[in-house]
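Below is one structure, written out as structure tokens, with a few remarks after it.
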């Protein structure tokens, strides 16, 4: 591992500090491309206007007409946290804006696969719907939309994924990544797109005289759910996404959150009053995602929809149980996957440039997480496969891959498909994450094909893990209140949480819980505790560490400790 320090543009840091930003925050923001205090304004009024998102105005007209004509609306969701939150925001928002008949349908990961397929379109029609609305999917559903059209359904596609060569023939498409859309935030999540459609619909209803500025529903009540979906989908936190998340967090901390989110905070043993993006990404999001991975995402959507506290607590406990099961399955699969990978090369050598792992006992719902863990541990593009559980598809393997910077996974799959026609039955994704389906008999051909592409595209520099940090931590900021100041801010994908790096003295080290390294360190001449989760190998007496700041509570006192992220040894 190579620890590198981010560049801090001195003029930007100085300008931010002069504008009243805390000196440490000014340095951190400048290193992340912020030039002025104005960019940090998270007021709702600073959100990009809905009219700049292509299709939003047309979608508003379609939905306003449907509400006026008392049509039946059905939302087709996706089975991850972004899809679940987008569905809940859509249902809650449409009801707030006057829709009387709104239902939803979420495909089953195993039986239905991803997106709006022709069978899903038929099920929507059988339920008596007039208008089909996709959330977090649909941009690639050319066949599904065609079937819906043939059945006489009006189709509104809301999505954020990259379109394929052909767009579906929907009545309206709202997707900032479609050709000709000038919306600046291309990284907005599916839940954010649906929220924007609701903002446009409310504006249309105001124009029609249904509401005034005083009587219109307050859609900002939906922002806690928007924030959760945005963080959980690991989209880049550009300025617009940061505003959505910041506004959601403010409401959560003030206690203005739906019962389902409150219940999730409770089962995760987190405090909503001091909620952080970390809570959304690592405590709440995984519990909702677990439903789609191992059970039925209806559980997650119902949790986000209910206003009944007792029902919310019951559903949250169920999701917590499913998440525990998911963690057990994932842990076992990760161990198996590592054993398989380690059998592929000599321990003294470097791992192969790309990793492909399959075991008949692997669970289809967890392959993506295990691929992510492999990628994190070995810093190689990693694919994990499981046997398909869909009826009649038992000979197929479904794979999920995660990549490293410098290796575009979807483009790599495209090249494998061209070089080995017929091997990839289906594939899709983007630079850092992708999925594919292959016949079991073609696993070795796929493995060799991906390894060949990785051999060509990756060099020693790319295969060396780099950990970007913010450099040394001034000792005067090693305080518990500074931890709180940092945690209140919006950090995440593309706006990395503060990580510092310095050479420290290791005074003592011991294993806790058999898999974590508890440390006593000397930082700038003063003792400080540290913990490195998931590390069992001892450290040398002096070492360059990368760490985040955390506060540990012991016997009523709060002390700073270092959460170690990596070491250059």
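Worth a mention:
- Qualifying residue in the range 216-225 (condition: in contact (Cβ under 8 Å) with a residue 60 or more places away in the chain, within 20 Å of residue 82 (Cα to Cα) and not in a helix (DSSP H, G or I)): no
- Scanning the range 108-158 for residues that are surrounded by fewer than 17 Cβ atoms within 10 Å (Cβ to Cβ) and at positive phi yields 128, 152.
- Residue 362 fulfils the conditions (1) crowded, with 19+ Cβ neighbours inside 10 Å; (2) in a helix (DSSP H, G or I) except for a single criterion, (2).
- Number of residues in the range 31-85 that are at pLDDT below 95, crowded, with 24+ Cβ neighbours inside 10 Å and either touching a helix residue (DSSP H, G or I) at 6+ places or on another chain (Cβ under 6 Å) or more than 30 Å from residue 296 (Cα to Cα) (or both): the value is 2.
- A single entry from 310, 283, 273, 295 fulfils the requirement of being surrounded by 18 or more Cβ atoms within 10 Å (Cβ to Cβ) and more than 19 Å from the chain's Cα centre (by Cα): 295.
- Selection within the range 9-19 - in contact with a helix residue (DSSP H, G or I) (Cβ under 7 Å, 6 or more places away or on another chain) and either assigned by TED's automatic domain parsing to the domain that holds residue 472 or within 20 Å of residue 482 (Cα to Cα) (or both): 13, 16, 17, 19
- The range 387-405 - residue that is surrounded by 18 or more Cβ atoms within 10 Å (Cβ to Cβ) and within 22 Å of the chain's Cα centre (by Cα) and, of those, nearest to residue 466 (Cα to Cα): 404
- Index of the failed condition, residue 257 passing every other in (1) assigned to a helix (DSSP H, G or I); (2) crowded, with 21+ Cβ neighbours inside 10 Å: (1)
- Qualifying residue in the range 159-166 (condition: crowded, with 23+ Cβ neighbours inside 10 Å and within 23 Å of the chain's Cα centre (by Cα)): yes
- Pick from the range 419-450, criterion in a strand (DSSP E or B) and in contact (Cβ under 8 Å) with a residue 60 or more places away in the chain, ranking: nearest to the chain's Cα centre (by Cα): 433
- Sole exception among (1) crowded, with 18+ Cβ neighbours inside 10 Å; (2) within 20 Å of residue 352 (Cα to Cα); (3) without any contact (Cβ under 8 Å) to a residue 40 or more places away in the chain for residue 460, by number: (1)
- Unique residue being surrounded by fewer than 19 Cβ atoms within 10 Å (Cβ to Cβ) and under 16 Å from residue 467 (Cα atoms) when the list is 507, 563, 545: 563
- Odd one out for residue 53 among (1) more than 24 Å from the chain's Cα centre (by Cα); (2) within 30 Å of residue 103 (Cα to Cα): (1)
- Residue within the range 406-418 that is in contact with a helix residue (DSSP H, G or I) (Cβ under 7 Å, 6 or more places away or on another chain), in contact (Cβ under 8 Å) with a residue 40 or more places away in the chain, assigned to a strand (DSSP E or B) and within 29 Å of residue 467 (Cα to Cα) present: no
- Residue check for residue 300: assigned to a helix (DSSP H, G or I) and closer than 18 Å to residue 372 by Cβ: no
- Criterion (modelled with pLDDT under 95, in contact with a helix residue (DSSP H, G or I) (Cβ under 9 Å, 6 or more places away or on another chain) and buried (at least 20 other Cβ atoms within 10 Å of the Cβ)) met by exactly one of 434, 454: 434
The values are calculated or read from the model by the stated rules, or taken from the named source; none is laboratory data. This one's a predicted model, so the numbers in the text were calculated from it and none came from an experiment. As a convention, Cβ positions derive from the backbone with ideal geometry for all residues, glycine included, and neighbour counts pool all protein chains shown.
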